[in-house]
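The values are calculated or read from the model by the stated rules, or taken from the named source; none is laboratory data. Predicted model, so just to flag it, every value in this text is computed and none were measured. All Cβ positions, even for glycine, are placed from backbone atoms using ideal geometry, and neighbour counts span all protein chains on display. Surface areas here come from the heavy atoms of the whole protein model, side chains and all, with no ligands, DNA or RNA. Shrake-Rupley method; radii C 1.70, N 1.55, O 1.52, S 1.80 Å.
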Amino acid sequence: MNRSDSIIIKENERVYSPDDDTHLLLDVVDVDEGEDVLEIGCGTGIISLHCAKQGANVTAVDLNEEAVRLTKLNAELNDITLTDVRWSDMFLNIEGLWDVILFNPPYLPAIKGEPLDPRWDGGELGDETVVRFLEEAFSRLRPGGRVYFCCSDRAPLTRIFNTVEMGYVMVEQREKTFDFETIYAFSLVAANTPQTGLF
Ligand SMILES: C[S@@+](CC[C@H](N)C(=O)[O-])C[C@H]1O[C@@H](n2cnc3c(N)ncnc32)[C@H](O)[C@@H]1O
């Protein structure tokens, strides 16, 4: 999906500001009019707003209440309707099945001795949030549903790829390399229905 210059995003120091991973994920995300889309970890709401502009019915959640407020504000500023914006820790506060679920998750290893920051720390090794997401998203997808997510080689990728293999087929991979890391955006499709899946 192309970045729309007409979408204006207000930022806030307590909410993750759109960055290279946001834009890499936007590059692979593809949604159709009328599809039910769930974004976990909406931050400023930038990805959700792009999906809604394509005509998708978008629900956006975040465990940071400030991100929930900012996403609502950005939707209002851009006059774009989101179906629902609410607090949720991953799928805890979410019901139903979705055509598309996407997440630019926190994917970096935690810094020893410092509290986890859910904007970027994905657990002790960095892969915990991504793996949890892939496992939980599987049973929330309609048959043939799609998942889009990001990760980085600063966290181990083996467990992430093993989890992908258990329930999904990889459709597309994009990456961007910097001096200190490579970030990835993946597009997946559910390999089985939730009723017959391996999770
Ligand atoms: C890397 S930021 C991405 C923000 C935005 N989607 C973007 O791409 O610019 C990760 C977001 O996920 C949220 N988050 C982290 N863990 C979460 C969880 N378990 N459930 C819901 N949101 C979570 C964070 O609060 C943060 O807003």
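Observations on the model:
- Put a plus charge on the Cβ of each Lys and Arg, a minus charge on the Cβ of each Asp and Glu, and nothing anywhere else: the dipole of the chain about its Cα centre is then about 220 debye.
- For the stretch 99-149, the solvent-accessible area of protein heavy atoms averages 44 Å² per residue (probe radius 1.4 Å; ligands and nucleic acids excluded).
- The sum of -39500 (n - 2.57) across all DSSP H runs of n ≥ 4, divided by the residue count of the chain, sets its helix-only mean residue ellipticity at 222 nm to -7500 deg cm²/dmol.
- Across the stretch 1-119, Cα-Cα pairs farther apart than 23 Å form 23% of the total.
- Overall form of the stretch 99-199: prolate. Here a/c, set by the Cα gyration tensor axes a ≥ b ≥ c, is 1.5 or more, and a/b is the larger of a/b and b/c.
- Here is the size of the stretch 124-182 from its Cα atoms: Rg then Dmax, 12.2, 40 Å.
- Accessible area expressed per residue, the stretch 1-80, with surrounding protein chains retained (probe 1.4 Å, Å²): 44
- Table column - 3J(HN,Hα) (Hz), the stretch 37-53, Karplus curve with 6.51, -1.76, 1.60, x for Gly and Pro: 10, 10, 9, 8, x, 6, x, 6, x, 4, 6, 4, 5, 4, 5, 5, 5
- Phi to ³J(HN,Hα) by Karplus 6.51 cos²θ - 1.76 cosθ + 1.60 over the stretch 97-106, Hz, x for Gly, Pro: 10, 10, 6, 9, 10, 9, 7, 9, x, x
- Just the protein heavy atoms count here, and of the accessible area of the chain at 1.4 Å, carbon and sulfur take up 47 percent.
- Kirkwood Rh in Å, taken over all unlike Cα pairs in the chain: 16.7
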